[in-house]
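Notes follow once the structure below has been shown.
The values are calculated or read from the model by the stated rules, or taken from the named source; none is laboratory data. Computed from a predicted structure; not experimentally measured. All Cβ positions, glycine included, derive from the backbone under ideal geometry; neighbour counts span all protein chains shown. The accessibility values were calculated without ligands, DNA or RNA, using every heavy atom of the protein model including side chains. Shrake-Rupley method; radii C 1.70, N 1.55, O 1.52, S 1.80 Å.
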Amino acid sequence: MVRYHRMRGRPTLWLPGTDHAGIATQLVVERMLASEGIKRVELGRDEFEKRVWEWKEKYGGTITNQIKRLGASCDWTRECFTLDEQLSRAVIEAFIRLHEKGLIYQGSYMVNWSPKLQTAVSDLEVEYSEEPGTLYYIKYRVAGGSRSDFLTIATTRPETLFGDVAIAVHPQDERYSKYVGKMAIVPMTYGRHVPIISDKYVDKDFGTGVLKISPGHDHNDYVLARKLGLPILNVMNKDGTLNEVAGLYCGLDRFEARKKLWSDLEETDLAVKKEPHSLRVPRSQRGGEVIEPLVSKQWFVTMQPLAEKALLAVEKGELTIIPERYGKIYNHWLTNIKDWCISRQLWWGHRIPVWYIVGKDCEEEYIVARSAEEALRKARDKYGKDVEVYQDPDVLDTWFSSALWPFSTLGWPDELAEDFKRFYPTTMLETGHDILFFWVARMVMMGIEFTGTVPFSYVYLHGLIRDSQGHKMSKTLGNVIDPLDTIKEYGTDALRFTLALGTAGQDLNLSTERLTANKAFTNKLWNAGKFVLQVLPNRDNVSGWQNIEACKFNTEGYLLRLPLPECWVVSKLHMLIDAVTESYNKFFFGDVGREIYDFFWGDFADWYIEASKARLYHSGDDSVVLVAQTVLLYVFENILKLLHPFMPFVTEELWQALPNRREALIISSWPQTSLPRSTDLVKRFENLQALTRAIRNARAEYSVEPAKRITASIVGSEEVIQYISEEKEVLALLSKLDLDNIHFADSPPEDAKQSVHVIASEGLEAYLPLADMVDISAEVLRLTKRLSKMQTEYEGLKARLNSPKFIEKAPNDVVRGVQEKAAEAEEKINLTKNRLAFLKSTVMLSCSAHSTFRGLCSFLLLEAYYTQSSALITSPERNWLGQIRRLEQSIN
């Protein structure tokens, strides 16, 4: 995109940078410290941050280096990092403004807790996977009832029963109606009672139809408890161990507690049974551990008012999402959005700009400020000079700072900054479809909120790169592909071209076959460039280059004066420029790549370069050579321009190698559109192509030696013959014809029946004398042997199909396969028989042109080949003409 628009002369900025990846980075550094036997808390916050910065300086450039090696045409002087001073200033400003509008609040709510990282993570950072688990059935005795009065509850997490605050059944479930209003005894809690209630939320058909409500450890239970006014009981510490509420199980890890609790339930006869059950397990996207729903005090952003504006932007057409289907997903998510938990219990990141008053309630008394000095000043104004303050230890979610990226990187909150005034709002956001909600939607919301405008006009979502089998890359599977390794083996241009051929929003399976094919394409382009350079005038040939530069292809008159092949390739190029430009503008990058590929390889390299050799090496006319040189250069340099956004390195190298380059390809002008073309002359050359293909096919069919030049009679209407005959040298070169034995006529030749007849198109045919193409006797012998072999194979297939046992016992797909092979064999046999019949008739017709005696000898000899008679053929030599001559001499 950026290379294309720059070549179109538009002011272009692709601003590079990275975020600080709070959770992932802290996790990596903590692991590194653990390998040294050091814990984060032992270092202290300042020292730990120092170690993270050291790690960032050492390893943080890996992604940037990969992007540079891939040829990303960024303005690297503007490279940003979310913890840079300017971006950090923007983060604080955004927090303060949202807080002042009442859109940021603090409270204790249910969050996704990562016990290993000991931080909250957002809903989007939790991945659910289907995993085998266990469903535990547990007795809850009814208080005041007999031993037979109990409710059986099915749960996948028995350790959370210590946090039960109620037991619920469905109001219409007659099995349990008699217990509603009574109390149940929570097992292993020394007789703690909870109420038995009824609510329509309960699914009568799941498990036993009885639901334990543990609002401190289940999202649904939390919502239900708040609706019903039930208390919230937390039984878990931040590290995933059970707290003092769990009694004897206090201090045990949640999974260890589960095992011990079940064992104890079995001993006390409160365990009913357990059975395998498929679970939808929530895991941290970063650490991979099982997430624990936990009530925790956090900072949140109220999302609904922000989401409404973001939805309206798409509805009004201010924002276009490509591909279109993701617009519906975007709308659905924003319509059902929840408040965003933005605080993280980490040390690496933007620290929340909130200060608390020593000795005061944190939730009631706090100060939001841009700096510690400002916070202290505000605190003294309100509480007196002796007040002490301390900053909130939490940091903001990394995505909070990333959401400000389109404008914070351009100087906001200073809206008078030059970059902000020139480049904001931006035009295009290009990213993976997997972060549509993490990043894209949040940027839209924040952009509208803080600048009043949508931060970009288009969102282009590319697919994810998967391995050749379609599997997502992961270290566990061992299928991760390092782009630098791929570049080393296949080249950057081949990798870029392979990736860019993908369809928007569609995942791409990266296979070695694709890379190999596009490496071959790069080599083909390089070799074409070498050819063009070799045939151009020397650099010091001033008059030659003046003549080339004087040629102007932007006028119809000049185009129509070109010979047919030159007019064809220039017309096709002009059509390509229009098609490619339109596809670029519509973001159809896969179409762009395929269109250029097909033209370069299929038209320019395979046809025009070969046709130009007739001008360059066989014409002997300087003016004809000049036309070929001019067209080769014009077409090739425009191919380089069109292909440059995909393959910048090889195209720039070839461009710089061409003489008289006044500027680099990267800043050259995009080819002009709507240039002249002649569809009539294109059709004429396509006729010449069809004729060449027909002759080539006939040569291949009769196994004519590649270097052998053959005779041909070209038959067509007067108009067709006129323009085909004018390109006699080109036709001879491309079709391997004998230039001195190409005949043009409006009717078939006299020896038509002894020739291979090919039809190129309506009104254009060719007759190729068979005797000039093959040794007929040898061909007859070869086909006879081949026919015998095919007959044997065919009869074997038919025998299987005629066998009742085979038809009855063999699988249907096997029978169908044999039937298809038999039909294919029969078709080949018929074709071979027809070929043999044609060869026989050719021999007989040839005989009639000579003496009857000679014809009789020919016929007898041919028959001898068929009958393998040794009476007439005594010599091991198989050349039938030689045998005829010896027979004639003997009889004479």
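Structural remarks
- Sole residue being assigned to a helix (DSSP H, G or I), at pLDDT 95 or above and surrounded by 19 or more Cβ atoms within 10 Å (Cβ to Cβ), chosen from F521, F456: F521
- Strands (runs of 3 or more DSSP E) within region 109-212 that include 3 or more residues open to solvent by 60 Å² or more (accessible area, probe 1.4 Å): 126-142
- Within region 235-252, the residues that satisfy the criterion of being in contact with a Ser or Thr (Cβ under 9 Å, 6 or more places away or on another chain) and loosely packed, with under 15 Cβ neighbours inside 10 Å are G247, G251.
- Unmet criterion (only one of (1) hydroxyl-bearing (S, T, Y); (2) more than 51 Å from the chain's Cα centre (by Cα); (3) open to solvent by less than 40 Å² (accessible area, probe 1.4 Å)) for T784: (3)
- Residue within region 318-328 that is among the acidic types (D, E) and either more than 30 Å from G505 (Cβ to Cβ) or over 31 Å from the mean Cα position of the chain (by Cα) (or both) present: no
- Exactly one residue among T208, T241, T189 is farther than 25 Å from G145 by Cα and in contact with a Leu (Cβ under 9 Å, 6 or more places away or on another chain), and that residue is T241.
- Helices (runs of 4 or more DSSP H) contained in region 38-103 and holding at least 3 residues in contact with a strand residue (DSSP E or B) (Cβ under 9 Å, 6 or more places away or on another chain) and of a type outside the set (G, A, S): 85-100
- Near pairs, Cβ below 8 angstrom, 6+ apart or cross-chain, from region 542-569 (assigned to a helix (DSSP H, G or I)) to any residue that is surrounded by fewer than 16 Cβ atoms within 10 Å (Cβ to Cβ) and of a type in the set (A, V, I, L, M): C567/L560
- The residue that is surrounded by the most Cβ atoms within 10 Å (Cβ to Cβ), counting only those in region 13-37 that are part of a helix (DSSP H, G or I) and over 33 Å from the mean Cα position of the chain (by Cα), is E30.
- Failed item in (1) part of a helix (DSSP H, G or I); (2) within 25 Å of E705 (Cβ to Cβ); (3) at pLDDT 55 or above, with L887 passing the rest: (2)
- Residue within region 760-767 that is open to solvent by 60 Å² or more (accessible area, probe 1.4 Å) and in contact (Cβ under 8 Å) with a residue 24 or more places away in the chain present: no
- Only residues that are closer than 20 Å to K572 by Cα and aromatic (F, W, Y) were counted across region 631-686, and they come to 4.
- Applying the criterion of being aliphatic (A, V, I, L, M) and out of contact with any strand residue (DSSP E or B) (no Cβ under 6 Å at 6 or more places or on another chain) to the residues of region 465-487, the residue that is least open to solvent (accessible area, probe 1.4 Å) is I487.
- Filter result for L33 (touching a Leu at 6+ places or on another chain (Cβ under 8 Å) and closer than 30 Å to T302 by Cβ): no
- Of all residues in region 797-853, those that are at pLDDT below 80, open to solvent by 40 Å² or more (accessible area, probe 1.4 Å) and either on the phi > 0 side of the Ramachandran plot or β-branched (V, I, T) (or both) total 1.
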